[in-house]
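Engineer: Sharing a structure, written as structure tokens. Questions coming.
The values are calculated or read from the model by the stated rules, or taken from the named source; none is laboratory data. Just so you know, these numbers come straight off a predicted model, no measurement behind them. Note that we place each Cβ from the backbone using ideal geometry, even for glycine, and neighbour counts take in every protein chain shown. When the accessible area is computed, the model is the full protein with side chains, heavy atoms only, and any ligands, DNA or RNA have been set aside. Shrake-Rupley method; radii C 1.70, N 1.55, O 1.52, S 1.80 Å.
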Amino acid sequence: MTPDEKHFYLRRLHSLSGVIPVGVFLVQHMYSNVLSLWGQGVYDEHVHFLIHQPLVLLMELFVVFLPLAFHAALGVYFMVDAKWNPNKYSYSRNWAYTFQRITAFITLIYVVYHLAQTRFAFNDAQKERMFESMSNLFASNPGWLMALYIVGATAASFHLCNGLFTFCIVWGLTITRQSQTWAWRAFMGLFLVMAGGFAASLLPLNGIIKAPFADTPPGRAATKDVGNPYQAQPR
């Protein structure tokens, strides 16, 4: 295999891994976070469902950690040769290319920090009451931690959505200029939804607002099971 062929296939693998499974995981993670708007019961119920999957360790290893490490390592490798020149060629796609690299660094730092805080620092009891644990974490670090999470989640959202746009070009899904224009608009719309969803999910966790959808059927149904919704009832 020639160096050009190797570079070609590594680029394709990097693009693919950024969408499946890393991108899918990020979208799912946004969904999990947005459930804070339905209150502690719904939020904890969903987290409990995720962490008590029978094959959760294998899923974390092969769906999250290894693909994320692979994508990040290739990203760092490619960024060594990256040519950033938005001041010389100030086209929108060139700026997007530059922001894609900047958000890659921010996202990597944010993900490592977030995993260290939650996946590895929280004990089992804290994970069972994740809403309360996250609220206490933000309360212990008022202001700056919420800002850090907003910046990190926004960077991750842009990195994914802009990556989806380039994925469609790289894999020949959007060939014409018109299809690329519509794809760009769609993915930037997705970026706004994801970034807004992540930011909104932090409001109840920081005590800024009460969960606005707590008084809905899902919120009321989960309220009685706050903490450990699947715990067996005593006989």
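Engineer: Which residue is nearest to residue 66 (Cα to Cα), if the candidates are limited to segment 147-161 and must be open to solvent by 30 Å² or more (accessible area, probe 1.4 Å) and in contact (Cβ under 8 Å) with a residue 24 or more places away in the chain? Give the derivation first.
Structural biologist: As a first pass, look at segment 147-161 and keep what is open to solvent by 30 Å² or more (accessible area, probe 1.4 Å): 147-148, 150-151, 154, 159.
If we keep only those that are in contact (Cβ under 8 Å) with a residue 24 or more places away in the chain as well, we get 148, 150-151, 154, 159.
On the way: 148: 25, 150: 25, 151: 24, 154: 23, 159: 19 Å.
Here the answer is 159.
Engineer: Please work out if residue 56 is at pLDDT below 90 and of a type outside the set (Ser, Thr, Tyr).
Structural biologist: Details: at pLDDT below 90: yes; of a type outside the set (Ser, Thr, Tyr): yes.
Spelling it out, residue 56 is indeed at pLDDT below 90 and of a type outside the set (Ser, Thr, Tyr).
Engineer: Given the structure, is residue 3 open to solvent by 50 Å² or more (accessible area, probe 1.4 Å) and at pLDDT below 90?
Structural biologist: On the way: open to solvent by 50 Å² or more (accessible area, probe 1.4 Å): yes; at pLDDT below 90: yes.
Yes.
Engineer: Name the pairs whose Cβ atoms lie under 7 Å apart, with the first residue in segment 47-71 and touching a residue at least 24 places away in the same chain (Cβ under 8 Å), the second part of a helix (DSSP H, G or I) and open to solvent by 60 Å² or more (accessible area, probe 1.4 Å), and 6 or more positions between them or separate chains?
Structural biologist: Going by the 7 Å Cβ cut-off, the qualifying pairs are 63/25; 64/25.
Engineer: Still on this structure, please answer the following. How many of the residues in segment 117-146 are in a helix (DSSP H, G or I), open to solvent by less than 50 Å² (accessible area, probe 1.4 Å) and either among the basic types (Lys, Arg) or under 29 Å from residue 99 (Cα atoms) (or both)?
Structural biologist: From segment 117-146, those in a helix (DSSP H, G or I) are 117-118, 124-128, 130-140, 144-146; that's our starting set.
Add one more test, that the residue is open to solvent by less than 50 Å² (accessible area, probe 1.4 Å), and what stays is 117-118, 127-128, 130-131, 133-135, 137-138, 145-146.
Adding the requirement that they be either among the basic types (Lys, Arg) or under 29 Å from residue 99 (Cα atoms) (or both) leaves 117-118, 127, 138, 145-146.
So the answer is 6.
Engineer: Going by the conditions given, is residue 183 hydrophobic (A, V, I, L, M, F, W, C), in contact (Cβ under 8 Å) with a residue 60 or more places away in the chain and open to solvent by less than 40 Å² (accessible area, probe 1.4 Å)?
Structural biologist: On the way: hydrophobic (A, V, I, L, M, F, W, C): yes; in contact (Cβ under 8 Å) with a residue 60 or more places away in the chain: no; open to solvent by less than 40 Å² (accessible area, probe 1.4 Å): yes.
Judged against the criteria, residue 183 is not a match.
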